[in-house]
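For reference, the structure discussed in these notes is given below.
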Amino acid sequence: MSGLDPAIAARLKRNADGLVAAIAQQRGTGEVLMMAWMDDEALHRTLITRRATYFSRSRQQYWVKGETSGHTQQVHEVRLDCDGDTILLVVDQEGAACHTGDRTCFDADVLLSAER
C-alpha cells in the first residue's frame, strides 16, 4: 500500500501494469532528459524525498536516479498532465541522465531536425 495522497492517486490514469509515464526535464533550460515509469509508491517517494524515484519494469523494483551512478536528479517541481497519464519532473540533473552516459536519452537518435 502506498502513502500517496488519495486525492493525487485518484487523478492518475495508470497503464495495465499500474504505471504512469514520467518525463524528467532540466530546470531552467526545459531540456527533456529522460522518460521512465512510476507507480503510486514511486511518486510518493519522489514527493517526500525530492529525489527522483522510478519503478523498473525489467527488475520489478524501485530505483532512485543516481543511487549507483552518482548522476542524481534533485526534484524541484512535479506536475501532472491534463489527462492524468503523464508526470513531469522538473529537476536539476547532475551528470548524465541516460544509462548510456549521454546527457539525455534523446541525444543519440535524431529522426528529424530543423537542420535536415
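The values are calculated or read from the model by the stated rules, or taken from the named source; none is laboratory data. None of these values were measured; they are calculated from a predicted model. So basically every Cβ, Gly included, is an ideal-geometry build from the backbone, and we count neighbours across all protein chains shown.
Here are some notes:
- Single residue of His76, His71, His44 found to be more than 13 Å from the chain's Cα centre (by Cα) and touching a residue at least 24 places away in the same chain (Cβ under 8 Å): His71
- Residues (touching a helix residue (DSSP H, G or I) at 6+ places or on another chain (Cβ under 8 Å) and under 16 Å from Arg27 (Cβ atoms)) located in region 52-74: Ala52
- Odd one out for Ile87, checked against (1) of a type outside the set (D, E, K, R); (2) in contact with a strand residue (DSSP E or B) (Cβ under 8 Å, 6 or more places away or on another chain); (3) over 18 Å from Val20 (Cβ atoms): (3)
- Annotation: Cys82 fulfils all but one of (1) buried (at least 16 other Cβ atoms within 10 Å of the Cβ); (2) in a loop (DSSP other than H, G, I, E, B); (3) at pLDDT 95 or above; (4) of a type outside the set (Phe, Trp, Tyr); the unmet one is (1).
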